[in-house]
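Structure, as structure tokens:
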Amino acid sequence: MDKIEINPLREDNLRILSPYGDKRFYYNQVDLIKEAAKGYVPNVSGMTFVELLALYLALYRFVNGAGASVIIPGIKTNFTYTFTDSSQDLISKSEIYLSVVKPEQANGDTDLPGPWSVKWAISAEYFGLNGTGPGERDWEKLEEW
């Protein structure tokens, strides 16, 4: 590290040159996100993801017909990870309010979190498809699309 000066650490810093930057795990993630984001229009809403997912399911049904099995685009970890549907505005306002007015309640668990393993089947069924879990490889068969 004596050959690299990074002060202060910032996201817009240039990449660390080879061979020093070759083992930075996040460079592969950044490259993947940049490639996946081509043509993506940033939006302040999670609806952008929902719209793409709906388009994927609609096209999948058009190509494969009703009743076809569709693998979730993603990885096994995300398929079983639980979360609670909520808008980012609601979450941030709630956290600010609780942190200021009721700090003892700011870190409580949310009600009824659910995994994509349940939501995917419901979403696919809405399009007349049979939603299945991810394949053996992450993002399996998605490159065909």
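Cβ-Cβ below 6 Å, separation at least six or inter-chain, first residue in the stretch 126-145 and modelled with pLDDT of 70 or more, second open to solvent by 100 Å² or more (accessible area, probe 1.4 Å) and among the basic types (Lys, Arg): which pairs?
Matching pairs, first to second residue: Phe127/Arg61; Gly128/Arg61; Leu129/Arg61.
Residues are listed down the side, and each one gets a yes or a no for (1) modelled with pLDDT of 80 or more; (2) of a type in the set (Phe, Trp, Tyr):
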site	(1), (2)
Gly67	yes, no
Val70	yes, no
Phe83	no, yes
Ser86	no, no
Leu90	no, no
Lys93	yes, no
Asn107	no, no
Asp111	no, no
Ser117	yes, no
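Among (1) at pLDDT below 75; (2) surrounded by 14 or more Cβ atoms within 10 Å (Cβ to Cβ); (3) within 30 Å of Gly65 (Cα to Cα), where does Ala121 come up short?
Going through (1) at pLDDT below 75; (2) surrounded by 14 or more Cβ atoms within 10 Å (Cβ to Cβ); (3) within 30 Å of Gly65 (Cα to Cα) one by one, Ala121 breaks only (1).
For the stretch 20-32, name all the residues that are open to solvent by 90 Å² or more (accessible area, probe 1.4 Å), in a loop (DSSP other than H, G, I, E, B) and without any contact (Cβ under 8 Å) to a residue 12 or more places away in the chain.
Those that are open to solvent by 90 Å² or more (accessible area, probe 1.4 Å), in a loop (DSSP other than H, G, I, E, B) and without any contact (Cβ under 8 Å) to a residue 12 or more places away in the chain: Asp22, Lys23.
State whether one or more residues within the stretch 49-56 are modelled with pLDDT of 85 or more, farther than 15 Å from Pro115 by Cα and either in contact with a His (Cβ under 6 Å, 6 or more places away or on another chain) or surrounded by 13 or more Cβ atoms within 10 Å (Cβ to Cβ) (or both).
yes
Being loosely packed, with under 10 Cβ neighbours inside 10 Å and polar (S, T, N, Q) is the filter; apply it to the stretch 1-19 and report the residue that is modelled with the lowest pLDDT.
Among those residues, the one meeting the criterion is Asn7.
The values are calculated or read from the model by the stated rules, or taken from the named source; none is laboratory data. In this text, all values refer to a predicted model and were calculated from it rather than measured experimentally. Neighbour counts run over all protein chains shown; Cβ positions are idealised from the backbone, glycine included. Protein only, heavy atoms only, side chains kept; ligands, DNA and RNA dropped before computing areas. Shrake-Rupley method; radii C 1.70, N 1.55, O 1.52, S 1.80 Å.
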